[in-house]
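Peer 1: A single structure is presented below for examination.
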Amino acid sequence: MPQHFVAPPQWEWYIVWYFFLGGLAGGAYALGAILRLFGDRRDAGAARLAFLVALPALAICPILLTLDLGRPLRFWHMLIDSRTMTLNFKYWSPMSVGVWALLIFSAFAFLSFLEAVLGEERFQLFRGAFGRFLLVLGTISGLFLAGYTGVLLSVSNQPIWSDTWTLGGLFLASGLSVAAAALGLLTRLSAGEESTEVKLSRADLYFIVLELALLIAFFVSLGTMGTRLLEPRWLLLWALVLAGTLVPLVLRRLAPSAGPAVLASCLVLLGGLALRIVVIFGAQT
Amino acid sequence: MARTVGFFTDTTLCIGCKACEVACKEWNQLPGHPARFGDGYDNTGQLDEQNWRHVQFHERSTPKGGVAWSMMSDVCKHCALASCMEVCPTNAIIRTEFDTVYIQPDVCNGCRDCIAACPYHVIGFDETTGLARKCTFCYDRLQANLTPACAKACPTESIKFGDLSAMRDIAGARLNQLRGQGMSEARLYGDTEYGGLHALFLLTDKPEVYGLPDAANAVLPSRNNLRSYLGSLAAAVLGLVGAVIALRERGGKE
């Protein structure tokens, strides 16, 4: 078993919510872009909803990150070296990379949000091949944001976090699943296109399978170290994680758009949050 | 005056007086935490933002069946390849002209990534100042050509200070001397770990007993970059393929 003598960084609730909202924002943008690029006209409403969700969810992230700092007014030290006043970028430090990813993704999320608010007629940036190119770039940066959060944890010497290669992928899959669930719910609430809701439900099915596969890989890669996460105090959270994956897996197959789909989406959201809580707190105690 | 400095802490000479802890707190104006009284002589507990030296107390069995007490004054190792410095996103953590690792208090913004990275449980988060703090190797004293407070105060010269190359020589000679006297369990820690530490330790037990990862476990955070990003990339590709399959147009009429 790996030896660990490291102190916990006390990354707590601000970080839990940042990881959750970052995953939601990145996942929502990706789904919106794919609906736009590969869907038909009936999916336009859900794609618009995705872009309307991505920016507000993302906008909370830098606030949470800033509040988590010991010196919030020095948040800009992440971007600019305060001694030399030159740009700060360390590709080998995920926190440094992540701050830039957050900034770059914000630009795409903002532009797509503008388009969603103003409409394609009044905001024509996303038309044509250039528009599709922008959507692809936005998707890449959004998925990067959803996934790098796991890499950030792993690039440390913390027990569990640094003992697995799976966290980035796990959070990315969970972010996509959470986003599909949120969009499914919003599509229903806004009395949107039912066929799109069914498609989102099917997409979530794939994301859940991916997430479950990575959860298994997570515990396999941890080996005996994983037993730390299975102490009684974490079992309720793991129950929520399983309820947010296994139950929706069944419900989504049974009824992709009716009442069970609403329940499935709520469970996915809860499970996505529980996953981040147990991974973040579980390694630091 | 630039030079490459080092500590050599010889645990066989430590008597557990904690003069190093007191001198460190006195010089660096660290009020410390309220003392904790447990079942031993260690009421400091750990290295953190207030404790930049920590005298550990260990009971161990000797090869001849007896029990020996070994004390070790722990400190920041000022690693040549420093995990904290590697992850620090603000460049607050720098290498000084003395080849030591220093957290610039005017640059640090308290993100605590360094705490997650340090394999030696050295850095602590100061709630009062909102900064990550640790041993500075008495940077101000070094600049004035003075010995760090801990080494200056140590009454048994368990903590030695000088040029790193000299410390290595002294440590090597001491190891040979002890082994020559039959102390086969004596070993040196810090010669190779993290590119060579600037705080060498002469130990009488396995490193992990003192809270020091052994050579196989003394690894840098960046070791995980590639495999974690590749895992994320694989998940992203699979997720996107799934999303495109599920969300693509159905082919039917609207």
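Read-outs: derived from the displayed coordinates by stated rules, not from any lab. What you are looking at is a predicted structure, and each value in this text was computed from that prediction instead of being measured. Glycine also receives a Cβ, built like all others from the backbone with ideal geometry; neighbour counts cover every protein chain displayed.
Peer 1: What is the Cα coordinate range of the stretch B:1-61 on the first, second and third principal axes, sorted by size from largest, in whole angstrom?
Peer 2: In descending order, the Cα extents are 45, 32, 16 Å.
Peer 1: If you don't mind, there's one more thing I want to ask. For the protein assembly as shown, give me the percentage of DSSP beta bridges that are antiparallel, rounded to the nearest 5 percent.
Peer 2: Of the beta bridges lying entirely in the protein assembly as shown, close to 85 percent run antiparallel.
Peer 1: While we're on this one: Determine, from the Cβ-Cβ distance of B:R36 and B:L146 and an R0 of 25 Å, the FRET efficiency 1/(1 + (r/R0)^6), rounded to the nearest 0.05.
Peer 2: Step by step, r from the Cβ atoms, then E = 0.20.
Peer 1: Please work out how much length the chain gains when fully extended from A:A191 to A:V220, using 0.36 nm per residue of separation minus the C-alpha to C-alpha distance, in nm with one decimal.
Peer 2: 6.2 nm
Peer 1: How do B:V237, B:V244 rank when sorted from fewest to most other Cβ atoms within 10 Å of their own Cβ?
Peer 2: Fewest-to-most ranking of B:V237, B:V244: B:V237, B:V244.
Peer 1: Please state the relative contact order of the stretch A:28-179 as a whole percent: Cα pairs under 8 Å, 6+ residues apart?
Peer 2: 23 percent
Peer 1: Let me ask another. Around B:V122, which amide H atoms from residues at least 5 apart in sequence, or from another chain, sit under 5 Å from its own amide H, with H modelled in the peptide plane?
Peer 2: The answer is A:A7.
Peer 1: State, as an integer percentage, the relative contact order of the stretch B:125-254 based on alpha-carbon contacts under 8 Å between residues 6 or more apart.
Peer 2: 11 percent
Peer 1: Taking the Cα-to-Cβ direction at B:E249 and at B:A216 and moving 7 Å from each Cα, how far apart do the two end points lie in nm?
Peer 2: Taking the two extended label points, one gets 5.9 nm.
Peer 1: How high is the FRET efficiency between A:L79 and B:K64 when r is their beta carbon distance and R₀ equals 60 Å, given to the nearest 0.05?
Peer 2: 0.50
Peer 1: According to a simple spin-label model (label point 7 Å from Cα along Cα-to-Cβ), what is the distance in nm between B:L188 and A:T86?
Peer 2: 3.7 nm
Peer 1: Mind checking the mean number of beta-carbon atoms from other chains within 10 Å of the Cβ atoms in A:36-46?
Peer 2: 3
Peer 1: Quick one: net charge of A:M225's neighbours, Cβ under 13 Å, K/R +1, D/E -1?
Peer 2: Value of the local net charge: -1.
Peer 1: Which ordering of A:W234, A:W11, B:W52 is given by a fewest-first count of other beta-carbon atoms within 10 Å?
Peer 2: Fewest to most other Cβ atoms nearby, the residues stand as A:W234, A:W11, B:W52.
Peer 1: While we're looking at this one, here's another question. Starting from the amide H of B:I93, placed 1.01 Å from N in the peptide plane, find each other amide H under 5 Å away whose residue is 5 or more places distant or on another chain.
Peer 2: The list, which skips near neighbours in sequence, is B:Q104.
Peer 1: Additional query: Pop out the ³J(HN,Hα) list for the stretch B:141-152 in order, Karplus 6.51 cos²θ - 1.76 cosθ + 1.60 with θ = phi - 60°, rounded to Hz; leave Gly and Pro as x.
Peer 2: Those phi angles translate into 5, 4, 5, 9, 6, 10, 6, x, 4, 4, 5, 5 Hz.
Peer 1: Could you please rank B:L200, A:L254, B:L240, placing first whichever residue has the fewest other Cβ atoms within 10 Å of its Cβ?
Peer 2: A:L254, B:L240, B:L200
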